[in-house]
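Q: Before I ask anything, let me first share the structure, which is written out below as structure tokens.
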Amino acid sequence: MLLSAQKEWVIDTACPTLSCHASTVLPLENGEVLAAWFGGDAEGADNVDIYIARRVGAVWYPPKRISANDALPHWNPVLFRAADGSVILFFKVGKKIAHWQTWFVRSFDLGATWSRPAELSPGDTSGGRGPVKNKPIRLEDGTILAPASSEQPDWLAFIDLSHDDGKTWEKQPVIPAPRLKSGRQIAMIQPTLWQSAPQQVHALLRTNKGRVWRSDSADGGKSWCEAYPTALKNPNSGIDLDRLPDGRLFLAYNPCPRSWGERAPLVLSVSEDNGESWRELVTLERRKMPDDEYSYPAVVADGNTLHITYTWMRRKIVYWRIEIDA
């Protein structure tokens, strides 16, 4: 199944900041690759901005800085290709996660230059609209589904829909989940999405229950079944997946049994039955020390090529290019 796997550093000794995290990746039709992340003194510091780098040939060029507000921390960039050929870079801005605002920039020259930052949903302080960590998906009718979530005050996942190529967005109801004795819904954030058939959409979700949970939609993401646990262990850490043209799913995640904090090792697993069962395919990073962190993967399939980025110890960003057999 695995034809080749190549690991590179997006940023290594040339990292422009003390800390970096939450990368996103996007392959382009000209063979280049874009990657973005947030970086600064530490997560949540006022000098945290968005950085974006470009891979030309086998060389990663020095990153460029994007800021919507020099006095506020930036978070969780997400790259996405619009139907008109432009590249959209979504990101969050704000002191408190619960009151994030979503901003974006757009490039019409494959990431060489970018527009001025603008709010995605002007005035919205609900904790963020559009994609919160993982890439949107596009349905066969052109509808964009952005995997979203908020933390105000509880962790709740939902889908933002756009019918006009990302110009406007419609916030959908919260993905339902069982409720605790307190009456609160089980905490779920940062969905990752795939489509298996027309109108059949699925989500895997990060939770604080020591496992990845799942929900399914039969109407193109407008409504969802009550979320349910999978067999995938996860320590409340970011996950991401993508689907190959033949239906195989590839998921990057931390397969750790704890419910919080542990973020090593990092593996790539495959499912050949629409996410019902999984088997590990590649260990992207192994645990070497107790406090190792390899986290927040981003996965994008381009044909049978997987492009993966993730955080390395909060100091570097790693890129993998993995070729899968047809």
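Q: Among the candidates Ala53, Ala82, Ala118, Ala148, which residue alone is in contact with a Lys or Arg (Cβ under 9 Å, 6 or more places away or on another chain), of a type outside the set (Asp, Glu) and without any contact (Cβ under 8 Å) to a residue 24 or more places away in the chain? Step through it out loud before you land on a result.
A: Numbers: Ala53 fails: without any contact (Cβ under 8 Å) to a residue 24 or more places away in the chain; Ala82 fails: without any contact (Cβ under 8 Å) to a residue 24 or more places away in the chain; Ala148 fails: without any contact (Cβ under 8 Å) to a residue 24 or more places away in the chain.
Matching residue, one of Ala53, Ala82, Ala118, Ala148: Ala118.
Q: Name the residues in the stretch 174-198 that are exposed (fewer than 15 other Cβ atoms within 10 Å of the Cβ) and at pLDDT 95 or above, would you? If you could, list the steps in order and put the result at the bottom.
A: Residues of the stretch 174-198 that are exposed (fewer than 15 other Cβ atoms within 10 Å of the Cβ), as a first pass: 178-184, 196-198.
Ser196, Ala197, Pro198, listed by residue number.
Q: Any chance you could count how many residues in the stretch 279-296 are within 20 Å of the chain's Cα centre (by Cα) and either at pLDDT below 95 or in a loop (DSSP other than H, G, I, E, B) (or both)?
A: Of the residues in that region, 0 qualify.
Q: Right, here's the next one. Would you confirm whether or not the stretch 251-274 contains a residue that is free of Cβ contacts under 8 Å to residues at least 60 places away in the same chain, surrounded by 22 or more Cβ atoms within 10 Å (Cβ to Cβ) and more than 24 Å from Gly39 (Cβ to Cβ)?
A: yes
Q: Among Pro131, Pro147, which is within 17 Å of the chain's Cα centre (by Cα), under 29 Å from Gly85 (Cα atoms) and not in a strand (DSSP E or B)? Write out each step before concluding.
A: Working: Pro147 fails: not in a strand (DSSP E or B).
Within the list Pro131, Pro147, the selection yields Pro131.
Q: Take the residues in the stretch 267-278 that are polar (S, T, N, Q) and assigned to a strand (DSSP E or B), then tell me which one is nearest to Pro257 (Cα to Cα).
A: My answer is Ser269.
Q: Could you please find all residues in the stretch 150-175 being part of a strand (DSSP E or B) and aliphatic (A, V, I, L, M)? Before you say what the answer is, go through the steps one by one.
A: Step one: of the stretch 150-175, the residues part of a strand (DSSP E or B) are 150-151, 155-162, 170-171.
Passing the criteria: Leu156, Ala157, Ile159, Leu161.
Q: Taking the stretch 151-194 only, how many residues are small (Gly, Ala, Ser) and over 29 Å from Gly85 (Cα atoms)? Explain how you work it out, then say what you get.
A: Residues of the stretch 151-194 small (Gly, Ala, Ser): 157, 162, 166, 177, 182-183, 187.
The next check asks that each one be over 29 Å from Gly85 (Cα atoms); those that pass are 177, 182-183, 187.
Result for the stretch 151-194: 4.
Q: Checking the conditions here, which among Ala301, Ala326 is among the small types (Gly, Ala, Ser), closer than 22 Å to Ser271 by Cα and either in contact with a helix residue (DSSP H, G or I) (Cβ under 8 Å, 6 or more places away or on another chain) or modelled with pLDDT of 95 or more (or both)? Full working, then the answer.
A: Details: Ala326 fails: either in contact with a helix residue (DSSP H, G or I) (Cβ under 8 Å, 6 or more places away or on another chain) or modelled with pLDDT of 95 or more (or both).
Within the list Ala301, Ala326, the selection yields Ala301.
Q: Shifting gears a bit: Pick from Asp302, Asp240: which is in contact with a Pro (Cβ under 7 Å, 6 or more places away or on another chain) and crowded, with 21+ Cβ neighbours inside 10 Å? Please lay out each step first, then the result.
A: Working: Asp302 fails: crowded, with 21+ Cβ neighbours inside 10 Å.
Only one candidate qualifies: Asp240.
Q: Just for strands (runs of 3 or more DSSP E) wholly inside the stretch 1-115: which have at least 2 residues that are farther than 30 Å from Gln152 by Cα?
A: Values: elements: 2-11, 19-27, 33-40, 49-56, 64-66, 74-81, 87-93, 101-107.
Here the list reads 2-11, 33-40, 49-56.
Q: So which of Val105, Val25 ends up being in contact (Cβ under 8 Å) with a residue 40 or more places away in the chain and not acidic (Asp, Glu)?
A: Working: Val105 fails: in contact (Cβ under 8 Å) with a residue 40 or more places away in the chain.
Checking each option against the conditions leaves just Val25.
Q: Out of the residues in the stretch 243-270 meeting the condition of being of a type in the set (Gly, Ala, Ser) and farther than 16 Å from Leu205 by Cα, tell me which one is modelled with the highest pLDDT.
A: Gly247
Q: Take the residues of the stretch 49-77 that are β-branched (Val, Ile, Thr) and farther than 15 Å from Phe90 by Cα: which is surrounded by the fewest Cβ atoms within 10 Å (Cβ to Cβ)?
A: Filtering the stretch 49-77 down to residues β-branched (Val, Ile, Thr) leaves 50, 52, 56, 59, 66.
Add one more test, that the residue is farther than 15 Å from Phe90 by Cα, and what stays is 56, 59.
Numbers: Val56: 11, Val59: 8.
Here the residue is Val59.
Q: Then there is this: Scan the stretch 125-145 for residues that are charged (D, E, K, R) and touching a Lys or Arg at 6+ places or on another chain (Cβ under 8 Å) and jot them down. Spell out how you get there, then give the answer.
A: Going through the stretch 125-145, the residues charged (D, E, K, R) turn out to be 129, 133, 135, 138, 140-141.
The one that is charged (D, E, K, R) and touching a Lys or Arg at 6+ places or on another chain (Cβ under 8 Å): Arg129.
Q: I'd like the full set of residues that are of a type in the set (D, E, K, R) and under 17 Å from the mean Cα position of the chain (by Cα), limited to the stretch 51-81.
A: Taking the stretch 51-81 first, the residues of a type in the set (D, E, K, R) are 54-55, 64-65, 70, 81.
Matches in the stretch 51-81: Arg81 only.
Q: Taking the stretch 1-28 only, how many residues are at pLDDT 95 or above and not polar (S, T, N, Q)?
A: 12
Q: For Ala5, which of the numbered conditions (1) surrounded by fewer than 23 Cβ atoms within 10 Å (Cβ to Cβ); (2) of a type in the set (A, V, I, L, M, F, W, C); (3) more than 20 Å from Ser295 (Cβ to Cβ) fails to hold?
A: Only one criterion in (1) surrounded by fewer than 23 Cβ atoms within 10 Å (Cβ to Cβ); (2) of a type in the set (A, V, I, L, M, F, W, C); (3) more than 20 Å from Ser295 (Cβ to Cβ) is unmet by Ala5, namely (3).
The values are calculated or read from the model by the stated rules, or taken from the named source; none is laboratory data. Computed from a prediction, not measured in an experiment: that's the story for all the values here. Reconstructed Cβ throughout: ideal geometry from the backbone, glycine too, with neighbour counts over all protein chains shown.
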